[in-house]
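The values are calculated or read from the model by the stated rules, or taken from the named source; none is laboratory data. In this text, all values refer to a predicted model and were calculated from it rather than measured experimentally. Don't worry about glycine lacking a Cβ; one is built from the backbone with ideal geometry, like all the others, and counts go over all protein chains shown.
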C-alpha cells in the first residue's frame, strides 16, 4: 500500500527543532554505516546567532508529518554569496531525510515553492547548509562509513530526487589510499628530488600561532579554489567559527605548509577521522560522552585520516612544481600518520569531477574512488 502524502509545515518552535534534529537518528538507526553526528553540532548548524553562515544567508526548515509523527525533513536556503558567485536566482535545499517517496516528493515541492516565493529560478541541492558543510547526495560508497564532515544517506534518495525532476550537475569524489604501502617509485623519486631542492621547504604548522597559521592557510585556499565550481569564499566570521571547531583536531605533523624561497605557496590539511571517535556516543556529549571524546583526542588512534583540504597558489597550478609539492606533503603526512596515529588508510577529498590536476595526483599515488556525492539542479 502506498503511503499517504504527509503534512509539511515549517519548524516554528523549540520542540520542532528538536524533532528536526532527532529525525535523522531514527530514520538511519538501522544503517550500520551511518555515523550519528553530535547533536550539539547539528543544532548549532541550523541556529542563527551560532552559525555565522546566517549573516549572509537565510533558511527555512520544514518537517513532514503523518499521523502526528515526523517522517521527513528538508531545508530551503538563499545565500547572498551564492547569488553573487553562482548567478542570480540560484536557491538551494538540503538537510534532507525522508521515510518514503511520497514524503520526499512533498518535501522537495515545499522547498521549491519557498524558493520561488523568494524569487529563485533555479534549485540546487542538497547542501546542508553550504558547500563547506555536507554538500551532495551519496550515490556510490554505501558499504562503508563516511569520514568526518562527509554525509551518508539512504540509496533510495537518488531515485526519489531524480523522479522529482532533478538532474546531476556536479559530482564530488573521494579517494581511498592504503597508506601502509609505499608510494609508487616515480612518486618517491619526485619527493626525493624535492628533498634536495634548497628552494623548497615542507613544514609543520605551528599550533602556538594558530590564528596566524589559520589565516595563512585560508588565504592560500581562497586563491587556489577561487575559480572552482561552487566556490564560496569564507567570511572572517566563518573562518573564526571553523577554526574554533577544528582546533581540537589540529595536530601539527598532519597539517603541512609548502614554502618556495621562503614564501608559503601550498598547504595540505589532514585530520584524524573524528567519526571513528564519536560513533559510539549516539550523538550525545552528556553525561559521559564529553569525557570519552576528550580522552580520545589527547592522542587519537584512528584507522583513517582524511585529507580535507589542499591548495596551491593559482600561479603555480598546472606546473610540475605544484604536483611535486603535493606529493611531498602527502608523503610527509603519510609517514606521520603511520608512526604516531596507528592509521592504515587515508581518504582524500572531496575533489570536483572536473578537477583534472587533483585527480591526476590521486591517480599517480594509486588511490581509487571510494565515494561519489552528486549535486542536482532543476529549473523552477
Open item on the list: Please go through region 14-69 and give me each residue that is more than 17 Å from residue 111 (Cβ to Cβ), in a loop (DSSP other than H, G, I, E, B) and in contact with a helix residue (DSSP H, G or I) (Cβ under 9 Å, 6 or more places away or on another chain), ordered by number.
Closed with: 34, 35, 36, 37, 38, 47, 48, 50, 51, 56
Open item on the list: So if I check each of 190, 202, which one is within 29 Å of the chain's Cα centre (by Cα) and either more than 28 Å from residue 353 (Cβ to Cβ) or not in a loop (DSSP other than H, G, I, E, B) (or both)?
Closed with: 202
Open item on the list: If I ask for residues that are within 16 Å of the chain's Cα centre (by Cα) and within 25 Å of residue 78 (Cα to Cα), which ones from region 140-176 would you list?
Closed with: 149, 150, 151, 152, 153, 170, 171, 172
Open item on the list: Among the numbered criteria (1) part of a helix (DSSP H, G or I); (2) touching a helix residue (DSSP H, G or I) at 6+ places or on another chain (Cβ under 8 Å); (3) at pLDDT below 90, which one does residue 233 miss?
Closed with: (1)
TODO: Scan (1) in contact with a helix residue (DSSP H, G or I) (Cβ under 6 Å, 6 or more places away or on another chain); (2) within 28 Å of residue 41 (Cβ to Cβ); (3) modelled with pLDDT under 95 for the single condition residue 160 breaks and write down its number.
DONE: (3)
Task: Residues of region 135-165 that turn out to be part of a loop (DSSP other than H, G, I, E, B) and touching a residue at least 24 places away in the same chain (Cβ under 8 Å), as a count - done: 17
